[in-house]
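Let me begin by presenting the structure, written as structure tokens, before commenting on it.
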Amino acid sequence: MIRYALTCSNDHAFESWFQSADAFDKLNATGMLSCSVCGDPSVKKSVMAPRVAKHTKAPRPLSAPATAAEQAVRELRAQIEANSEDVGEKFADEARAIHAGDAPERSIFGQAKPKEAKALIEDGIPVTPLPFSVSRKNN
């Protein structure tokens, strides 16, 4: 397939696809082409720049971060997972126990319902939402 920029004798510019250069020539010679704007059968090719794909570097794998922000979040997640304990859905209870001195002091992460997180904050227990999901469930 080849795409040509075309013009008619009324100077309307349009584009069209053809199976080959020969196909364009045959259709044009038999008068089977016409302007897509005004229907004029006098159609000719216009000058157009070729669109050449430029690959200066290998495409990044889909698993690689697309932006610096995405890379920073990935590094934050790795740091948190390496230096904290995942307590899962018991996060609110465990955070309260640590705050009250009923559980050993340590860094934890997990899931909390919005009501639970709000109650922790209202009670002066320092918590913060993470910019990524910590769920290990596979869909």
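The values are calculated or read from the model by the stated rules, or taken from the named source; none is laboratory data. Since this is a predicted model, take the numbers as computed values, not measurements. Reconstructed Cβ throughout: ideal geometry from the backbone, glycine too, with neighbour counts over all protein chains shown. In case anyone asks, the SASA skips ligands and DNA or RNA and just uses the protein heavy atoms, side chains included. Shrake-Rupley method; radii C 1.70, N 1.55, O 1.52, S 1.80 Å.
Brief remarks follow.
- The residues of the range 37-50 that are at pLDDT 90 or above and among the aliphatic types (A, V, I, L, M) amount to a single one, VAL43.
- Where ASP102 falls short, out of the listed (1) farther than 23 Å from PRO65 by Cα; (2) open to solvent by 100 Å² or more (accessible area, probe 1.4 Å); (3) at pLDDT below 95: (3)
- For the range 1-36, the set of residues classified as in a loop (DSSP other than H, G, I, E, B), surrounded by 10 or more Cβ atoms within 10 Å (Cβ to Cβ) and either among the hydroxyl-bearing types (Ser, Thr, Tyr) or at pLDDT below 85 (or both) consists of SER9, SER20, SER34, SER36, listed by residue number.
- Checking VAL43, VAL47 one by one, the residue that is closer than 30 Å to ALA23 by Cα, open to solvent by 40 Å² or more (accessible area, probe 1.4 Å) and not aromatic (Phe, Trp, Tyr) is VAL47 and no other.
- When we screen ALA82, ALA92 for residues that are surrounded by fewer than 12 Cβ atoms within 10 Å (Cβ to Cβ) and in a helix (DSSP H, G or I), the only hit is ALA82.
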